[in-house]
Structures are given as C-alpha cells and as structure tokens.
Amino acid sequence: MKLKQFLAGVALATCTLSVSANTAFKEPSDAIEYRQAAFSMISVQISDMGAMLKGKIPFDAEQFKMRANNAAALSKMPWEAFYEGTDKGDTAALADVWSDNATFVKKANAFAANADKLALAAQSGDKAVIGKAFGAWAKGCKDCHKQFKD
C-alpha cells in the first residue's frame, strides 16, 4: 500500500511540474537544452544498467542501485521542459508531443513511475526482480521515442 501511495505522489508531482515549471526557463532554447541534458544523463544510466543485465560488464549490485536511484530522479526531470514554444529550435521532439499531449503526459508519468519501481527493485539485489523492472522502464523509453521523437 505504501508503494502505491508513493507512486501516486510521484505521478502527481510530475503532472504538477509539467504545468508550472516553464517559469524556470528564460527562453525556449533553455528548456530544450535542459531536457536534452536530462535525457543524455538518463542514457548513461540505462546503458550501464543494461550492460550489467546483459553480462557485457560484471553485475555490481551497489553500482546498479546507484544507477537506478539516479534514473528515478532523472526520469522526472525532462517533462517540465516541454511546454508551448519549445517545439521550435534544436529539438528532435515531434509535433505529437503537443498535439497529443495527453498521451505524451501519460507516457512520461508511466516512465517516471517505472523508474521508481526500478529503484525499489534494485534495493533487493535480485537480478530477476531487477531485470523485470528494468525491462518495464526501458520499454517506456522505446514507446515514447516511437511516437514522440524524430
């Protein structure tokens, strides 16, 4: 029950951020740069964890836990930088981000919630549990990219 309450709170916080956070950026280009940096850092986390789970590098439970915690924090960050006016400029975001924003927000919230579940699973040190949670989180990347990224 506590996990459900926690995840509901994360989803609410993510939705709230996306509505009001554009005040943090002076120019749309600042927001685009911010979200690209967040996605770049997410990529580092997913690459390292994926390599561990695929056996490309040795599995290190502590390193994985750190990466999963980073992923949980980072997975909430880029969404605040998608607002009206940030669809122009140096961005790979497709117009569907704005024209089908309800779906985009739903996928963003699911991505952040799955990152929290991954961080929780990583605490167990159990590769089977971790692998399942990692798969759900990574699938969120692919699903969103298919529809919303050029």
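The values are calculated or read from the model by the stated rules, or taken from the named source; none is laboratory data. Every value quoted in this text rests on a predicted model; they were computed, and no experiment measured them. Cβ: placed from backbone, ideal geometry, glycine included. Neighbour counts: every protein chain shown. With ligands, DNA and RNA removed, areas are computed over all heavy atoms of the protein, side chains included. Shrake-Rupley method; radii C 1.70, N 1.55, O 1.52, S 1.80 Å.
Points to keep in mind about this one:
- Among 82-89, 44-51, the peptide with the highest mean count of other Cβ atoms within 10 Å heads the list, and the full ranking is 44-51, 82-89.
- Within a straight-line Cα-Cα reach of under 13 Å, Lys107 can be paired with the following aspartates and glutamates, leaving aside sequence neighbours fewer than 8 residues apart in one chain: Asp96, Asp143.
- As a rough guide to protection, the peptides 68-75, 121-128 ranked by mean Cβ packing within 10 Å, highest first, stand as 68-75, 121-128.
- Protein heavy-atom accessible surface, 1.4 Å probe, per residue over the stretch 72-146: 49 Å².
- Gap separating the Cα centres of the stretch 82-123 and the stretch 124-142, nearest whole Å: 18 Å
- Listed by chain and number, the lysines whose C-alpha is less than 25 Å from the C-alpha of Lys106, apart from same-chain residues fewer than 8 away, are Lys2, Lys4, Lys76, Lys88, Lys117, Lys132, Lys139, Lys142, Lys146, Lys149.
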